[in-house]
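Throughout, read-outs are computed from the coordinates displayed, never taken from laboratory work. Owing to the predicted nature of the structure, the values given are computational and were not obtained by experimental measurement. Counting neighbours? That spans all protein chains shown, and the Cβs are built from the backbone with ideal geometry, glycine included.
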Amino acid sequence: MKKLIYVLFIGAFITFSACEDENISPEFMVDINADSLMFQNDFQSTYYLSDQTEDNVAERFVWNELDLGVATNLTYELYASVNEDMSASVNVATTANNNAAVTVAQMLVFADSLGLDDDPTTTVNDEPNNTGTVYFRARGFVGTQGTTENEKWTNTASLEIEVIEKVNDGACPSLWAVGDGVPAAGWNWNSPIELTCENNVYSVRVELVNDIFRFFENEGDWDSGLNYQYFVDQGYTIDENFELNADDADNNFRFVGTPGIYELIIDEGNKTITLTDASGSYFLVGDGTQAGWNWDNPVELVQEAPYIYSGSVTLSGTGAFRVFTEEGNWDSGRNYPYYNDEGYTINSDLTNAEDGDSNFSFTGAAGTYTFRLDEVNKTIELE
């Protein structure tokens, strides 16, 4: 009996002693090598990138969860690089989950590092420079600050990217002409002359006088000027009606030709600046005018300003007439419906003659009028 009591006492003592230090916890050794880390994705053959879709997710990278046999905190990091050996890699995501999204905007950063762009005119070795490869690896480790002793990496995944090139619709920014040589503008920004651009060809119909002017890239910006010397330095062949103005320090253009209305064209592709006479008139012909239906003495509408034609005409109030853009050419006629369909505001005394050819008919009081056709503001007026 004494032996039994002694054994129970020893057992109780051992139990009491084991519970005496409550801070002692069991320790488990975590083996990071217990599993491997692998991407689970089926990656696309090409990832198409554009500024318009920069907020979209380009790819969500998914990898397996590391199974270490015991419950523990794991951290995953996703790295990207433009180098296949992952040198100079960038951490693009840190997470406790087994996936991370990469946006188009993030991909575009790497595209920029590769020198890719959306300009169809730029190339490298005569090949489009809008495609490249970005490399990704994921890393898993215990805790929040992994070391090389307790980490796992996926294999490197290579993703092909392509920056969507802009469609060349021929549009390009305008140039602006300002100066006393273009009297409609003068040396201010109240009414600069716009040279519209298509396929890198700038054009305008403009009145020129013997004075100086300059081109500008940005409306209202004096610092954006392109003078005569600029185009010389760029290798342009410049029309002989222009010369360098040597009398000022701004190297402006000077027009030395016959004052008048011209088609001015700047062709960036062929590096030329040319002038073509565009001062031609329009004509009125028909038995509703003093001209009659012949070309012996047509009513001339002189181009008083670019695209604005006017002339004196005697309207009988009977008969009809038509506008012609070329003297002597019956095929160049423009009748009432032509201007009406183009959205012109037409004097109320001018109507459709409904004579088979839909010519103009005058319904006002017979007399002599100034007929003004304005192709800029789309009006036909009688004064």
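A few remarks follow.
- Amide hydrogen neighbours beyond the local backbone of ALA278, cut-off 5 Å, H modeled: ILE261, TYR262, GLU263
- Placing a pseudo-label 7 Å from each Cα along the Cα-to-Cβ vector at ASN210 and THR276 gives an inter-label distance of 2.7 nm.
- Among ASP341, ASP267, ASP118, the largest mean-square fluctuation in a Gaussian network model of the chain (Cα springs under 10 Å) belongs to ASP341.
- For the chain, taking Cα atoms only, Rg and Dmax work out to 40.6, 153 Å respectively.
- Debye, to nearest 20: dipole size of the range 181-297, +1 on Lys, Arg Cβ, -1 on Asp, Glu Cβ: 180
- Extension gain (nm, one decimal) between THR46 and LEU226, 0.36 nm per residue minus Cα-Cα: 60.5 nm
- Label-to-label distance, nm, for residues given as ASN352 and ASN83 (7 Å Cα→Cβ offset): 7.5
- Placed amide H near ILE161: partners under 5 Å, 5+ positions off or other chain: TYR47, GLY132, THR133, VAL134
- Farthest positive-ward along the range 248-344 dipole, Cα basis, beta-carbon charges - from VAL256, GLY343, ALA320: ALA320
- In order through the range 192-200: 3J(HN,Hα) via Karplus (6.51 cos²θ - 1.76 cosθ + 1.60), integer Hz, x for Gly, Pro: x, 8, 8, 9, 6, 10, 8, 6, 6
- From phi via Karplus (6.51, -1.76, 1.60), per-residue ³J(HN,Hα) for the range 226-232 in Hz, x at Gly/Pro: 10, 8, 4, 5, 4, 5, 4
- Packing-based exposure ordering (other Cβ within 10 Å, fewest first) of ILE273, ILE266: ILE273, ILE266
- Theoretical ellipticity at 222 nm over the chain - DSSP helices of four or more residues, -39500 (n - 2.57) apiece, nearest 500: -3000 deg cm²/dmol
- Fewest-first sequence of MET38, MET107 by Cβ atoms within 10 Å of each Cβ: MET38, MET107
- The angle between the Cα long axis of helix 2-19 and the longest principal axis of the Cα atoms of the chain comes to about 20 degrees, rounded to the nearest 10.
- Magnitude of the charge dipole, the chain, Cβ model with Lys/Arg +1 and Asp/Glu -1, debye to 20: 1640
- Percent breakdown of C-alpha pair distances by 10 Å bin, ordered from the shortest bin, for the range 282-382: 17, 56, 27, 0
- Dipole magnitude for the range 32-163: about 640 debye, using +1 per Lys or Arg Cβ and -1 per Asp or Glu Cβ, origin at the Cα centre.
- In degrees, nearest ten, helix 104-113 long axis to first principal axis of the chain (Cα): 80
- Farthest positive-ward along the range 32-163 dipole, Cα basis, beta-carbon charges - from THR95, THR72, THR131: THR72
- Close amide-amide hydrogen proximity is noted between ALA93 and LEU78, each under 5 Å apart and 5 or more residues distant or on a separate chain (H modeled in the peptide plane; Pro and chain starts excluded).
- Protection-proxy order for peptides 239-247, 299-307, each taking the mean of Cβ atoms within 10 Å per residue, highest first: 299-307, 239-247
- Residue among TYR309, TYR338, TYR282 with the largest mean-square fluctuation in a Gaussian network model of the chain, springs linking Cα atoms under 10 Å: TYR338
- Here's the picture: charge each Lys and Arg Cβ at +1 and each Asp and Glu Cβ at -1 in the chain, and of VAL232, ASN218, THR196 the one pushed furthest to the positive end of that dipole is ASN218.
- Ranking of VAL209, VAL124 by count of other Cβ atoms within 10 Å, fewest first: VAL124, VAL209
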